[in-house]
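Engineer: Before we start, here is the structure in question, set down as structure tokens.
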Amino acid sequence: MKILLDTHAFLWWISDDPRLGQAARERIADHRNEVFLSVASTWELAIKVNLGRLAVSGDFETWLLSQLAGNRFEVLPILLPHVLALTRLPPHHKDPFDRILIAQAIGETMTFLTADAHIAQYPVEVVW
């Protein structure tokens, strides 16, 4: 199974936050699954670090690369078909980061791990 993590799911996984749902934990922990973090999420995280809304140990690049490698997460690039799909998404969700993640999950036929209830309105498998 191919899984795309929402940004908060990534943060809650690496910090062992109890807000991460049990089903989501099991999917991430299952080594048979391919787990992805979108470039969109890395961009969102970088913005939060720059604004002082997210603290990481050391510099952002080293921290992020260490988390990706240590958790066996793959990076999902943003491709032109993902961007083009945005025009076909209904406006259930306004956040541009969430919209590109939704488009990626749909376009790549991935299960999306998110606590965001609005995303279930889209034609994508959501697990939490």
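Laboratory data are not the source of any read-out in this text; all were calculated from the coordinates shown. Everything numeric here is computed off the predicted structure, so don't read it as measured data. Neighbour counts are summed over all protein chains in view; Cβ atoms, including those assigned to glycine, are modelled from backbone coordinates with ideal geometry.
Engineer: Under a point-charge model restricted to the Cβ atoms of Lys and Arg (+1) and Asp and Glu (-1), what is the dipole moment magnitude of segment 2-127 relative to its Cα centre, in debye to the nearest 20? Working shown, then result.
Structural biologist: Numbers: 11 positive and 15 negative charges, 40 e Å.
So the dipole magnitude of segment 2-127 works out to roughly 200 debye.
Engineer: Highest mean first, what order results for 38-46, 80-88 on Cβ atoms within 10 Å? Write down the numbers at each step before the final one.
Structural biologist: On the way: 38-46: 19.8, 80-88: 12.0.
By packing density, highest mean first, the sequence is 38-46, 80-88.
Engineer: As a test of the formula, what do you get for the chain when each DSSP H run with n ≥ 4 contributes -39,500 (n - 2.57) and the sum is divided by the residue count, at 222 nm and rounded to the nearest 500 deg cm²/dmol?
Structural biologist: Per the formula, -13000 deg cm²/dmol.
Engineer: Which one of Asn71, Leu89, Ser57 is farthest out on the positive end of the charge dipole of segment 46-128, using unit charges on Cβ (Lys, Arg +1; Asp, Glu -1) and the Cα centre as origin?
Structural biologist: Value computed over the given set: Leu89.
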